[in-house]
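K.L.:
Below is a structure I'd like to ask you about.
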Amino acid sequence: MAVARDLLVDEGLDQFVLRRIADRVDMRLGNLQYYFATRDDLLEAIVRNEFSNDLAAMTQVANEDAANELADVVALLSARWLTNAGSVYLPIGLLALHEQRFADVLAEIYHEFYAVIARLIRRIDPSASPARARLRALLITSLLDGASLQTHATRNQRTVNAMSREVSRLAIAIAHGR
């Protein structure tokens with residue numbers, strides 16, 4: 001999985017081929033296909049693993065002040081998504097436009113992200129209804145996604161750092177309903 005993830009991050013979806021991955025780990029293609037019959041099966045496993053890592057890291061962040069906790073969660077996701085982890089999620093986002101399988105995976109993953117962020121928003125703004133908190137969580141996640149896409153286009157570390165700080169500032173404002 002790690003070798004396949006690295007290939008996806010370093011060389012992109014076009015080079016994400018089971019035969020190349022098997023060669024890199026000195027494995028016969030048939031052995032790899034025993035575990036992952038298709039490239040899509042392996043891609044889904046990598047995305048789910050990345051998501052599990054992100055979710056575990058998010059739930060480890062704890063702060064008595066909900067706004068600070070949200071800022072820490074956003075900073076954590078920014079650090080991951082505005083670097084190479086964004087290269088894992090971007091291909092599945094594109095595939096989700098045309099393939100229901102990946103649309104379903106993305107919906108499932110985002111549902112969990114929204115739930116974690118919405119709980120923080122409700123702590124920050126107890127007057128926010130669950131639907132309003134979820135909408136704000138969706139906006140914060142969209143902000144992170146957009147920043148990820150832009151930093152992959154920019155590839156300037158100073159810009160990435162500035163965007164990360166600005167995403168955190170805007171996320172707090174969104175959480176407060178401003």
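The values are calculated or read from the model by the stated rules, or taken from the named source; none is laboratory data. All values derive from a computational prediction rather than experimental measurement. Note: areas computed on protein heavy atoms with side chains; ligands, DNA, RNA excluded. Shrake-Rupley method; radii C 1.70, N 1.55, O 1.52, S 1.80 Å.
K.L.:
In what order, largest first, do Glu50, Glu44, Glu64 sit by accessible area if the probe radius is 1.4 Å?
P.N.:
Glu64, Glu44, Glu50
K.L.:
Now, a different point. Over region 25-178, what is the relative contact order in whole percent, taking alpha-carbon pairs under 8 Å and six or more residues apart?
P.N.:
Reported relative contact order: 28 percent.
K.L.:
A further question follows. Tell me the carbon and sulfur percent of the accessible area for region 1-143, rounded to whole percent, probe radius 1.4 Å.
P.N.:
51
K.L.:
I would also like to ask the following. Quick one: how many Å² of Leu8 are accessible to a 1.4 Å probe, rounded to 10?
P.N.:
We get 0 Å² for Leu8.
K.L.:
Over region 71-114, what number does the Rg to Rh ratio reach, with both radii from the alpha-carbon atoms and Rh per Kirkwood?
P.N.:
1.04
K.L.:
Can you work out the accessible area per residue across region 1-157, with the rest of the protein chains kept in place, probe 1.4 Å, in square angstrom?
P.N.:
Per residue, region 1-157 has 53 Å² of solvent-accessible surface.
K.L.:
Now, a different point. Beyond 31 Å, how much of the Cα-Cα pair distribution for the chain remains, as a whole percent?
P.N.:
Tail of the P(r) past 31 Å holds 21 percent of the pairs.
K.L.:
Could you state the number of Å between the C-alpha centres of region 99-117 and region 129-178?
P.N.:
What the calculation gives is 18 Å, centre to centre.
K.L.:
For Tyr110, what accessible surface area do you get with a 1.4 Å probe? Give it in Å², rounded to 10.
P.N.:
40
K.L.:
Taking the chain as a Gaussian network, Cα atoms linked when under 10 Å apart, which of Val61, Val74, Val160 shows the biggest mean-square fluctuation?
P.N.:
Result for the chain, Cα springs under 10 Å: Val61 fluctuates most.
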